[in-house]
1. Specify the residue that is surrounded by the fewest Cβ atoms within 10 Å (Cβ to Cβ); the eligible residues are those in region 107-127 that are aliphatic (A, V, I, L, M) and modelled with pLDDT under 80.
2. Looking at region 173-195, I want the residues that are more than 19 Å from GLU210 (Cα to Cα) and have a partner that is polar (S, T, N, Q) and surrounded by 11 or more Cβ atoms within 10 Å (Cβ to Cβ) with Cβ atoms under 6 Å, at least 6 apart or on another chain. Which pairs are those?
3. Among ILE2, ILE41, ILE89, which is modelled with pLDDT under 95, surrounded by 16 or more Cβ atoms within 10 Å (Cβ to Cβ) and out of contact with any His (no Cβ under 9 Å at 6 or more places or on another chain)?
4. Those residues that are over 26 Å from GLN45 (Cα atoms) and either buried (at least 16 other Cβ atoms within 10 Å of the Cβ) or aromatic (Phe, Trp, Tyr) (or both), I need them from region 62-86; list them, please.
5. Which numbered condition trips up LYS213, out of (1) touching a Lys or Arg at 6+ places or on another chain (Cβ under 8 Å); (2) at pLDDT below 95?
6. Limited to region 151-203, what total is found for residues that are over 17 Å from ILE128 (Cα atoms) and aliphatic (A, V, I, L, M)?
7. Could you check region 187-199 and list, in sequence order, the residues that are under 12 Å from ASP160 (Cα atoms) and surrounded by 14 or more Cβ atoms within 10 Å (Cβ to Cβ)?
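The values are calculated or read from the model by the stated rules, or taken from the named source; none is laboratory data. None of the values given here were measured: they were computed from a predicted structure. All Cβ positions, even for glycine, are placed from backbone atoms using ideal geometry, and neighbour counts span all protein chains on display.
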Amino acid sequence: MIKTILVPTDFTIESEKLLSCVGEFKSAGLEKVILLHVVDIFQAQGLAPMFEENAKKRIEDYRQLLEEMGVDAITLVVEGDVKKTIARIADEENVDCIVMGATTSGLIKGRRIGRTTEYISRRSGKIILIEKYNVIKEAEEEICRKTCSVKFSKVMLPVDFSENSKRILDEIRDFKDIIEEVVFVYVIESANNKKELEDKKNGSMKLLHEMGKEFDGDIQIDYVVTEGEASEVIDRLAEEMDITLIAITTHGIGSFKDILLGSTAENLLRRTVKPILLIPVKSR
């Protein structure tokens, strides 16, 4: 269960909008939010004390906003290397989830996930919610909008039947009360002939139905078995089916302990404009 969330903020429009994400967790057992601002030691240099003092005033406004939402929040303002400090604080405070943002603009849609977000996704052993934003221009001003407003209304669960990917079920159980619909997806990436492909489709569909049994009667469930390159297919289906959140484990079949983010998860993180819930495997 996600009881404690870490929200790193740099006081940009994107980080302000992350606060609205927190409210959805409140109905699923959230107890505390830690608001963190890291004064970048490489940029601040001799001005770090001034930056720190200003940050303490600004982050207090965020805390008050969460309090108005009925969420208990504490604030931390520290100096350090931004990426490494966020990962360290998440471990020291024993948080259950880190909430971060990524924009979906740029020359290649969905590629601008940011160096800090990418680093945390690769290095942290925590559950990470990566909210995606569309940055558009209105009257010569950049406006930041979330790609989904209610993330847990229609959740996609890509699985490969490995023990790692099954961990998705352990986490999703805690959100049963706020999820309206779940879509189980299995992507067949190779088959030697049509008969083997059909056999894989039939067998995979049976396994998906077995996984979805425990949600019968509580949540609307859909099942999809298809073929292609996993991250590409998942991204396309998420668009076509109007998915509000993709929940995926960091590793599936063929994972190695020294690879901190599996290829499907990483490719999907860069490709999709949908919010992603990254769930680390237990071996991490």
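1. In this case the residue turns out to be LEU107.
2. ILE178/SER27; GLU180/SER153
3. Values: ILE41 fails: surrounded by 16 or more Cβ atoms within 10 Å (Cβ to Cβ); ILE89 fails: modelled with pLDDT under 95.
On inspection, the qualifying residue turns out to be ILE2.
4. Once the filter is applied, which keeps residues that are over 26 Å from GLN45 (Cα atoms) and either buried (at least 16 other Cβ atoms within 10 Å of the Cβ) or aromatic (Phe, Trp, Tyr) (or both), region 62-86 yields ARG63, LEU65, LEU66, VAL71, ALA73.
5. (1)
6. 10
7. Matches in region 187-199: VAL187, ILE188.
Residues are listed down the side, and each one gets a yes or a no for (1) modelled with pLDDT of 95 or more; (2) over 24 Å from ILE2 (Cβ atoms); (3) touching a His at 6+ places or on another chain (Cβ under 7 Å):
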| residue | (1), (2), (3) |
| --- | --- |
| ALA230 | no, yes, no |
| LEU237 | yes, yes, no |
| THR264 | no, no, no |
| LEU278 | no, no, no |
| LYS282 | no, no, no |
